[in-house]
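The following block contains the structure, expressed as structure tokens.
Just so you know, all these numbers are worked out from the coordinates, no wet-lab data involved. On a predicted model such as this, the values are computed, not experimentally measured, just so you know. Note that we place each Cβ from the backbone using ideal geometry, even for glycine, and neighbour counts take in every protein chain shown.
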Amino acid sequence: RKEVEQDPGPFNVPEGATVAFNCTYSNSASQSFFWYRQDCRKEPKLLMSVYSSGNEDGRFTAQLNRASQYISLLIRDSKLSDSATYLCVVIQGAQKLVFGQGTRLTINP
Amino acid sequence: DAMVIQNPRYQVTQFGKPVTLSCSQTLNHNVMYWYQQKSSQAPKLLFHYYDKDFNNEADTPDNFQSRRPNTSFCFLDIRSPGLGDAAMYLCATSRAGQGLNYGYTFGSGTRLTVV
């Protein structure tokens, strides 16, 4: 079983739609969780951290369910510029970032 | 204000010819990482330095080595590149201590082609 699993997609949705991504992790001791965004042939960039209470940043909402070891990302009113690969990331211990495979999203006009 | 700088951005090397990729940082972060990312795959951690302590991942081939001469610089050496080593190599830094990590910063990556 992979340490961090995501549906690789691709997801193709029309502009303005709401889209949700899911991610599961295997190590119950994991403490910190993030969503990163990676554009084609670029480095990953932090989109947002994920907290147990859930957190929102504009059109983006992240949720964590520790009991189910499940993380989600919701994008509302999607824009063309949201097209990218979204990586679920878990920190193991204090130092090790473990990436999911990534979910590829394309927003269509 | 580039904070994690990787050079070169693109590197072409011959099969079997040693190659070195470099990473420098101006953040004074104590942890530096090297990740390998192949097309359509997740970044895979090769190794990291926590201060001067080197931490190798169990499945990192011996062909990959690293050096960290000081806090600011870290190098990735590929002793005998094979065609399967063609990938994007990402350097990242973080500030960690007392069991906590305060966030990561990635460089722009070096795309390695082996011919």
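Only one of A:Ser72, A:Ser32 is within 26 Å of B:Met32 (Cα to Cα) and without any contact (Cβ under 8 Å) to a residue 60 or more places away in the chain. Can you tell me which? Reasoning before the result, please.
Working: A:Ser72 fails: within 26 Å of B:Met32 (Cα to Cα).
A:Ser32 is the lone residue from the list that is within 26 Å of B:Met32 (Cα to Cα) and without any contact (Cβ under 8 Å) to a residue 60 or more places away in the chain.
To continue, here is another question. Just to be sure, is A:Ser49 within 14 Å of chain B (Cβ to nearest Cβ), of a type in the set (Gly, Ala, Ser) and part of a strand (DSSP E or B)? Walk me through how you get there before you give the answer.
Numbers: within 14 Å of chain B (Cβ to nearest Cβ): yes; of a type in the set (Gly, Ala, Ser): yes; part of a strand (DSSP E or B): yes.
So A:Ser49 fits the description; yes.
Consider A:Leu64 against the criteria (1) away from every other protein chain (no Cβ under 14 Å); (2) surrounded by fewer than 18 Cβ atoms within 10 Å (Cβ to Cβ); (3) aliphatic (A, V, I, L, M): it satisfies all of them except one. Which criterion is unmet?
(2) is the only condition that A:Leu64 fails.
Just to be sure I understand, how many residues within the range A:1-41 are at positive phi and either surrounded by 12 or more Cβ atoms within 10 Å (Cβ to Cβ) or among the acidic types (Asp, Glu) (or both)?
1
How do the pairs read when you match residues in the range A:84-95 that are farther than 8 Å from A:Tyr36 by Cα and in contact (Cβ under 8 Å) with a residue 24 or more places away in the chain with residues anywhere that are in a strand (DSSP E or B) and of a type in the set (Val, Ile, Thr), using Cβ under 6 Å and keeping only pairs 6 or more apart or on different chains?
A:Val90/A:Val4; A:Val90/A:Val98; A:Gln92/A:Val98
If I filter the range B:1-10 down to residues being in contact (Cβ under 8 Å) with a residue 40 or more places away in the chain and not hydrophobic (A, V, I, L, M, F, W, C), which single residue comes out as surrounded by the most Cβ atoms within 10 Å (Cβ to Cβ)?
Among residues in the range B:1-10 that are in contact (Cβ under 8 Å) with a residue 40 or more places away in the chain and not hydrophobic (A, V, I, L, M, F, W, C), the one surrounded by the most Cβ atoms within 10 Å (Cβ to Cβ) is B:Gln6.
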